[in-house]
Amino acid sequence: MDVETFCLCFFRLMQLLSTCVPFSLMASVGTGSVVVGNWSMFIWGFCFTVTLVILIVEFCHIRDHLPFSWYGFLTIYTCYATLFCLLTSILYPTTYIQFFPSGPHRDYAMISTTFSCIALVLYALELLVLWNWYQGKGGRIARYMYTTQGLLKLLETSLACVIFGFISNTNLYLHQPALVWCGAVYSICFVLSSVAILLNLGKCDNRLLLPLPTFLLGLTTLSILLYTSALVLWPLYQFVEKLGGQPQRSSDVSCGDRLTYLVCTWDQGLAVTILTVINLLIYMADLVTLAHLVS
């Protein structure tokens, strides 16, 4: 076993520990219906599960029998795990722990945050090792996530996942068809961006009727149009009183009960609006990049 393989094995074992501990601690005390708490638990559980699967695949030597680039998959997954652990390590303590009274639950939450930060460092270190080790073996597939286009796709899908965490509170949108449309937009655009990544991961360039950059340009243009509609409709129906929205934070009863709603409904609606703006800007930057490639 060479040094790189040993480092990757060590990192993954430590990743299992650093994601299992916070998930187990918070599962033992519960998160109630708090969006940030549930989202954080999902991230820890997801990272633990995928890392365990990676270890099993590596140990059983079945990676060569998979129908896609294993090196590309590892790079893409590690990018996502690093970013998700970063978001969790920021959102969890700033919007969740601070409202806990002193006691065992607060201590468990602080321990969970510490291990989440450790997981972040471990995934970031693995990403560096993967880049140095796989740049020759993984070809353009492994390097794709390090290009401007790959990083933009990473950000697009990651921000969409954060939006999903907020709109998991169905009280935000089920009462208005226009807001339901916005929820559909976030899902459709997430799928389109994921397809773009999978096309690169699966080496599908020659299976398309159009050149890959042109096809991706069309997907990105469609995503921009959809996100623009969401950017118009979401704040209108969330914050305009005539359309059934709540223009003032004080008008939302849930914002006054911090013990039940650590991030109240009005705040969640505002967060989705801000994330929609940011993601639309990222899609526009992606469009400019792709247009340059096509031209």
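Assorted remarks:
- Residue in region 187-194 that is in a helix (DSSP H, G or I), modelled with pLDDT of 80 or more and over 25 Å from the mean Cα position of the chain (by Cα) present: no
- Scan of region 54-76 for residues that are exposed (fewer than 10 other Cβ atoms within 10 Å of the Cβ) and touching a Phe, Trp or Tyr at 6+ places or on another chain (Cβ under 8 Å), ordered by number: D64
- Residue within region 25-38 that is at pLDDT 85 or above, touching a Ser or Thr at 6+ places or on another chain (Cβ under 8 Å) and not β-branched (V, I, T) present: yes
- The residue pairs whose first member lies in region 211-238 and is in the same structural domain as M284 (by TED's automatic domain parsing), whose second member is polar (S, T, N, Q) and not in a helix (DSSP H, G or I), and whose beta carbons are closer than 6 Å, counting only pairs six or more residues apart or on different chains, are Y237/Q176.
- Test: residue in region 109-126 that is at pLDDT below 85, part of a helix (DSSP H, G or I) and under 25 Å from M41 (Cα atoms): yes
- Here V29 fulfils each of the conditions (1) surrounded by fewer than 19 Cβ atoms within 10 Å (Cβ to Cβ); (2) under 22 Å from S194 (Cβ atoms) apart from (2).
- Residue in region 60-93 that is modelled with the lowest pLDDT, counting only those that are out of contact with any helix residue (DSSP H, G or I) (no Cβ under 9 Å at 6 or more places or on another chain) and part of a helix (DSSP H, G or I): H65
- Selected residue (criterion: modelled with the lowest pLDDT) from residues of region 253-269 that are outside any helix (DSSP H, G or I) and surrounded by 17 or more Cβ atoms within 10 Å (Cβ to Cβ): Y261
- One residue stands out in region 208-245 among those that are small (G, A, S) and at pLDDT 95 or above: the one that is surrounded by the fewest Cβ atoms within 10 Å (Cβ to Cβ), namely S229.
- Residues (closer than 21 Å to Q246 by Cα and not in a loop (DSSP other than H, G, I, E, B)) located in region 166-186: F166, I167, T170, N171, L172, P177, A178, L179, V180, W181, C182, G183
The values are calculated or read from the model by the stated rules, or taken from the named source; none is laboratory data. All of these numbers come straight from a predicted model, not from anything done at the bench. Please note: Cβ atoms are built from the backbone with ideal geometry, for glycine as well, and neighbour counts cover all protein chains shown.
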